[in-house]
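Taking it in order: structure first as structure tokens, then the write-up.
Each value in this text was obtained by applying a stated rule to the coordinates, not by laboratory testing. These numbers come from a predicted model, not from an experiment. Neighbour counts are summed over all protein chains in view; Cβ atoms, including those assigned to glycine, are modelled from backbone coordinates with ideal geometry.
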Amino acid sequence: MKLKTAIYIIDSIYGFFIISGLLGIVVCIVTLKEVALVIGILTVITLFFAARFIKVRLINLYLKKCKYPFEFLSVLEQLSLTKDLQINSEFDKSQLETEQFVADNKLTLDIGKSASNYHQPIISFKEKGLFLDSEQYDWTNITEWGFIDSDTSAGRMEITYHKNNPPKKLIIDLNRNYVNRIDLMLLLAHFKAKYG
């Protein structure tokens, strides 16, 4: 199974269970009374535990087969899917080959197109650094990244570039630039680990 596919499956299944559980609580409170209410709420609580158990099992199963465990766990962490898990994240990052990583995960190193110059990408990943609108940001000075809004499915991502004080906040609008959030997180994790 490909890295992106595994991440989408874990994210989707966990989200489905959580939304189902929340809806279940509302339905139980609105429609059930007395003993049926207690049984309904206990069923929903069981659903929450099942969601966590399935998430842990899927992550551990994929980690056993995963060619790129560091990137895998990095993206899951950005999606807040590892908050309640104890995972050994000590992986050898020196074995990472960029061309193989990009090919295996069907990624592209140039993302989006500039409005002023169609042939110039908005975001470009290179060994020297991350290029945003042709401006270079060295990997060693990129310290963290994450979503600005709590909604991780779209919106904007903020990258902290810490070359000067105060650190510069780089903003990438995922919707406007037609950037896939999983692709972006995978590339950031890989390039930071390999060249940062």
Report summary line: Magnitude of the Cβ-charge dipole (Lys and Arg +1, Asp and Glu -1) of the chain about the Cα centre, nearest 20 debye, reported as 300 debye
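Over all directions, what mean area does the Cα convex hull of the chain project, stated in square nanometres?
13.7 nm²
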**Report entry** Rounded tilt (10° steps) of 69-78 against the dominant C-alpha axis of the chain
**Finding:** 70 degrees
Query raised in the report: Taking only DSSP H segments of four or more residues, each worth -39500 (n - 2.57), what value at 222 nm results for the chain once the sum is divided by all its residues, to the nearest 500 deg cm²/dmol?
Result: -16000 deg cm²/dmol
**Report entry** In degrees, nearest ten, helix 3-31 long axis to first principal axis of the chain (Cα)
**Finding:** 30 degrees
Report task. Compute the acute angle (0 to 90°) between the alpha-carbon long axis of helix 181-195 and the principal axis of greatest extent of the alpha-carbon atoms of the chain; round to the nearest 10°. Result -> 50 degrees
Report task. Could I get the Rg over Rh figure for segment 3-78? Both from C-alpha atoms, Rh via Kirkwood, rounded to two places. Result -> 1.15
**Report entry** Relative contact order of the chain, pairs being alpha-carbon contacts under 8 Å that are 6 or more residues apart, as %
**Finding:** 18 percent
